[in-house]
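Colleague: Dumping the structure here so I can ask a few things about it.
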Amino acid sequence: METVKVAIAEDDFRVANVHEKFLKKIPEVEIAGKALNAEKTLELLHTKKVDLLLLDIYMPDKLGTDILTTIRANFEDVDIIMITAATDKAFLEKAIRNGVQNYLIKPVKMDRFTDTVKEYIQSRNLLQNKEEVDQNIVDRLFKNSDESKTEDNRELPKGIDALTLNKVLEVLRNSQKGLSAEEIGKRMGAARTTARRYLEYLISVDKCRSEVEYGSVGRPERKYYDL
């Protein structure tokens, strides 16, 4: 799998360091660099190969949203996720119009941060080595499928995120056999405890089932199956 080179544009070095630590938990990611203002961000893009830019809005010299058009004009292959404390609707609207991949409002918890970056990587990998696409790929990229809409629109309990829930469902549906929580966690890039929490929720809403299997050695293991 190709490494994704990620740059961090964040004026608070403490926050930038936290985000860097989060990124280092994702094996597919390589840190391309960090910038503390808009000018340094553009310099970084000029000098380094960057696939994904994590862009703050409130920076000392310019707003992150004010350099979106410059980035789009000069670095068309760079994807952007905004991470900001800004809650003004106008910022979000401008980000959407400039093709931003996602928009996270600070403070961002590690699980939400890593899930968002992994979701980006998953979409990126979906298009790798493909000259043509079909409707299934388009639906998965734009979350247009009926299944995605059903899960995204469901009123979810605290601690259950729709994006992560759909990942767990996808892993289950792509498997021909039962999987343990640890196996599912590895496939979706999450901790075993996180995977188990989502699996138990899916059981509660009749979206999957589990069985206890006894191997030749070791203790019994719970396996999860798609319905």
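Colleague: Every residue in segment 48-64 that is more than 21 Å from the chain's Cα centre (by Cα) and under 28 Å from Q122 (Cβ atoms), please.
Modeller: Step one: list which residues in segment 48-64 are more than 21 Å from the chain's Cα centre (by Cα), which gives 48, 58-63.
Scanning segment 48-64 gives a single hit, K48.
Colleague: Quick check on T87: is it in contact with a helix residue (DSSP H, G or I) (Cβ under 7 Å, 6 or more places away or on another chain), surrounded by fewer than 20 Cβ atoms within 10 Å (Cβ to Cβ) and over 17 Å from T116 (Cβ atoms)?
Modeller: Working: in contact with a helix residue (DSSP H, G or I) (Cβ under 7 Å, 6 or more places away or on another chain): no; surrounded by fewer than 20 Cβ atoms within 10 Å (Cβ to Cβ): yes; over 17 Å from T116 (Cβ atoms): yes.
No, not satisfied.
Colleague: For I137, all conditions in the list (1) touching a Lys or Arg at 6+ places or on another chain (Cβ under 9 Å); (2) closer than 21 Å to F113 by Cβ; (3) at pLDDT 65 or above hold save one; what is the number of the exception?
Modeller: Going through the list (1) touching a Lys or Arg at 6+ places or on another chain (Cβ under 9 Å); (2) closer than 21 Å to F113 by Cβ; (3) at pLDDT 65 or above, I137 breaks only (2).
Colleague: Could I ask something else about it? Looking at segment 93-114, can you tell me whether even one residue there is of a type in the set (V, I, T) and closer than 26 Å to K186 by Cα?
Modeller: Of all residues in segment 93-114, those of a type in the set (V, I, T) come to 96, 100, 105, 108, 114.
From the residues that got through so far, the ones that are closer than 26 Å to K186 by Cα too are 108, 114.
Within segment 93-114, one or more residues are of a type in the set (V, I, T) and closer than 26 Å to K186 by Cα.
Colleague: Something else now. Looking at segment 72-79, is at least one residue over 18 Å from the mean Cα position of the chain (by Cα), surrounded by fewer than 14 Cβ atoms within 10 Å (Cβ to Cβ) and more than 28 Å from Q128 (Cα to Cα)?
Modeller: no
Colleague: Within segment 204-227, can one find any residue that is of a type in the set (F, W, Y), under 24 Å from the mean Cα position of the chain (by Cα), surrounded by 13 or more Cβ atoms within 10 Å (Cβ to Cβ) and not in a strand (DSSP E or B)?
Modeller: There is no residue in segment 204-227 that is of a type in the set (F, W, Y), under 24 Å from the mean Cα position of the chain (by Cα), surrounded by 13 or more Cβ atoms within 10 Å (Cβ to Cβ) and not in a strand (DSSP E or B).
Colleague: Quick check on my filter: what residues within segment 93-102 are surrounded by 18 or more Cβ atoms within 10 Å (Cβ to Cβ) and either under 24 Å from P27 (Cα atoms) or touching a strand residue (DSSP E or B) at 6+ places or on another chain (Cβ under 8 Å) (or both)? Step through it out loud before you land on a result.
Modeller: Narrowing segment 93-102 to residues surrounded by 18 or more Cβ atoms within 10 Å (Cβ to Cβ): 94-95, 100.
Matches in segment 93-102: A95, V100.
Colleague: Does A190 meet the test of being surrounded by 15 or more Cβ atoms within 10 Å (Cβ to Cβ), modelled with pLDDT of 90 or more and not assigned by TED's automatic domain parsing to the domain that holds R112?
Modeller: Values: surrounded by 15 or more Cβ atoms within 10 Å (Cβ to Cβ): yes; modelled with pLDDT of 90 or more: no; not assigned by TED's automatic domain parsing to the domain that holds R112: yes.
So A190 fails the test.
Colleague: Same structure, new question: Looking for whichever is closer than 26 Å to F22 by Cβ, in contact with a strand residue (DSSP E or B) (Cβ under 6 Å, 6 or more places away or on another chain) and not in a strand (DSSP E or B) here; the options are L169, L165, L199. Which one fits? Break it down into steps so the answer makes sense when it comes.
Modeller: Numbers: L169 fails: in contact with a strand residue (DSSP E or B) (Cβ under 6 Å, 6 or more places away or on another chain); L165 fails: in contact with a strand residue (DSSP E or B) (Cβ under 6 Å, 6 or more places away or on another chain).
After ruling out the rest, the residue left standing is L199.
Colleague: In segment 45-68, is there at least one residue being in contact (Cβ under 8 Å) with a residue 12 or more places away in the chain and either at positive phi or assigned by TED's automatic domain parsing to the domain that holds A190 (or both)?
Modeller: No, every residue in segment 45-68 fails to be in contact (Cβ under 8 Å) with a residue 12 or more places away in the chain and either at positive phi or assigned by TED's automatic domain parsing to the domain that holds A190 (or both).
The values are calculated or read from the model by the stated rules, or taken from the named source; none is laboratory data. Fair warning: this is a prediction, and the values are worked out from it, not measured in the lab. Ideal geometry is used to build each Cβ from the backbone, glycine not excepted, and the neighbour counts take in all protein chains shown.
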